[in-house]
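Have a look at the structure below, then the notes.
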Amino acid sequence: MTLGHRSRPRSRVKAVTAERESYNKSLLAIAVTTIIALLLWSFSVQARGAPDSFADLAEKLLPSVVNISASQTVVSNGDSAEEQEEGPAPGQDFEEFFKDFFERRGRPPERRRGGSQGSGFIISDQGYIVTNHHVIEGADNVSVRLHDGVTLKAEVVGSDEKTDLALLKVKPPKDIVAVDWGDSDDTRIGDWVVAIGNPFGLGGTVTAGIVSARQRDINAGPYDDFIQTDAAINRGNSGGPMFNLDGDVIGVNTAIFSPSGGSVGIGFAIPSTLARNIVSQLREFGEVKRGWLGVHIQTVTEELAEGLRLKDSKGALVASVTEGGPAEQAGIQQGDVILKFDGRVVPDMRKLPRMVAETPIGESVDVVVWRRGEEKVVKVDLGRLEDEPQVAAVPQNPKSEDVTGKVSDLGLALGQITPELRQQFELDDKTSGVVITAVDGNGTAAEKGLRAGDVIVEVDQEEVETPAEVQQRVEKAKEEGYRVVTLLVFRQGDFQWVAVRLKKDG
């Protein structure tokens, strides 16, 4: 008998292999299907398409939006419309127009009743209503008309001009419907939004569009951070809500850009992250209590960043420090670049005022600054922002030597401040530094707008009192291989940092 090894039949091996391959393919198909499903779900969550209709959303939200009428006493002298040579420009308030009209003619104005209309929305079943400050500004009487036509007298709980927000209070009926705040920080450019308001007195008007842009600065105030939309917004929409597709308020419609006075698809809304905090303070205190740092700041340009030896043009450059303010007491200096505030990065100058304003008064916060080539951490106890602080003058006295001089690398003629130059350039007794007496029109300083009468206080964050000291600082920068020097310039009561490129040799 011949002995041999036992082996699995070849047909059986093929069958097992086929089964494994089939099983692996099934697992792969399930995995691929699961991944595709997750991707589709994620995409649907992040980028929601337009609904077939906004009808259900509008039906739900309309009862929460109100029309606001505000009346106030304005001036009039009884001139007929035919006698008036011009009317108010688009966007100009009628009260301001009438004031200008009568001042031009020198006639004593008479008092008459005027009014304005706007929109608002209910945020509490206790009868609290949000609108714009400019809708009710100066009003003697404010009334609110609900969606069902009921008109109620409203009390102004508080108003804030800087953010153009106001809070009203009415005695609510039993069936009043309030809306919820949403998070505007989650809003993306291209998201659908719905605006409801009272354009031209036509209450209950619904429009839809998308978010066109975010973080718009339209020079309306110190805390500009508007959401831009192409949803139709017209006069009378002011104070009305901007909703997302969940029916949450993500903005308060406030302004439009319109050469014609009507909607051209460029409207602006205050983001809910800002509005909610302001409204909460108005409700609690009747006013807004803002934190105060006590600095004047400016933008860090690319050239200034190079001059300050910063890698990136970020942060807020301190142009001046208010005497006796929180920043001075904490040791923040003129020329510091504020990089972080209370643990938050300061990406640019515009963001810092809002960060400070939203921080509770008296709170101790860490401020990270860039000073002479390195980061430093300063702890500041915030004060309360009251009136606009005054800029403190630099209290040094100039030396007596090196009265005049030229810095050809900058294209400047300089002079030590003398009584004669003080009189010539109208400088007060507290102003010190080196005065610019002439500017070469072809020089680098002229490109930056420097002019005779400007006073150079610092060069590369070092104080200067004579033309020779300015020249020394410039020579030092050249020797160290830098192409830019930073000048702290004092002009008509204000400080400003200016980055000036050095003239190339040859």
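Brief remarks on what is shown
- Based on every Cα atom in the range 404-501, Rg and the maximum pairwise Cα distance Dmax equal 12.3, 39 Å.
- Based on alpha-carbon atoms, the Kirkwood radius and the radius of gyration of the range 293-384 give Rg/Rh equal to 0.93.
- Rel. contact order, % - alpha carbon contacts under 8 angstrom, at least six apart, the range 184-285: 25
- When the alpha-carbon atoms of the range 109-211 are used, the pair Rg, Dmax equals 15.3, 51 angstrom.
- Here the calculated FRET efficiency for ASN277 and GLN329, from their Cβ-Cβ distance with R0 = 30 Å, stands at 0.70, rounded to the nearest 0.05.
- Calculated on the alpha-carbon coordinates, the convex hull of the range 429-474 measures out at 84 cubic angstrom per residue.
- Fewest-first sequence of ARG422, ARG501 by Cβ atoms within 10 Å of each Cβ: ARG422, ARG501
- Here the simple spin-label model places points 7 Å from the Cα toward Cβ, and for LYS406 and ASP428 these points are separated by 3.4 nm.
- Cleavage-rule hits (GluC sites (Glu not before Pro)) in the range 414-506: DSSP loop, at most 11 neighbouring Cβ within 10 angstrom: GLU426, GLU480
- Computed 3J(HN,Hα) for the range 474-489, one whole-Hz value per residue from the Karplus formula 6.51 cos²θ - 1.76 cosθ + 1.60 where θ = phi - 60°, is 5, 4, 4, 4, 5, 4, 8, x, 8, 9, 9, 10, 9, 10, 8, 10, glycine and proline marked x.
- You can think of it this way: the chain between ILE361 and ARG216 has 49.5 nm of extra reach, that is 0.36 nm per residue less the Cα-Cα gap.
- Applied to the range 116-122, the Karplus parametrisation 6.51 cos²θ - 1.76 cosθ + 1.60 on θ = phi - 60° returns per-residue 3J(HN,Hα) values of 9, 10, x, 10, x, 8, 7 Hz, with x for Gly and Pro.
- Links that overshoot a 24 Å alpha carbon limit, given the list LYS376/LYS478; LYS314/LYS448; LYS153/LYS289; LYS174/LYS289; LYS60/LYS162; LYS314/LYS430: LYS376/LYS478; LYS153/LYS289; LYS174/LYS289; LYS60/LYS162; LYS314/LYS430
- Inter-site label distance for ASP140 and THR301 at 7 Å from Cα along Cβ, in nm: 5.1
- Put simply, the amide H of GLY182, placed in the peptide plane, has neighbours under 5 Å in VAL249, ILE250, leaving out anything fewer than 5 places away on its chain.
- Considering only TRP192, GLY267, VAL211, and ranking their Cα positions along the charge dipole of the range 184-285 that arises from unit charges at the beta-carbon of Lys, Arg, Asp and Glu, the one farthest toward the positive end is GLY267.
- Quarter the surface of the alpha carbon convex hull of the range 184-285 and you get the mean projected area, 6.7 square nanometres.
FYI, it's all coordinate maths here, none of it is from the lab. These numbers come from a predicted model, not from an experiment. Cβ coordinates were reconstructed from backbone atoms using ideal geometry, including for glycine residues, and neighbour counts include every protein chain displayed.
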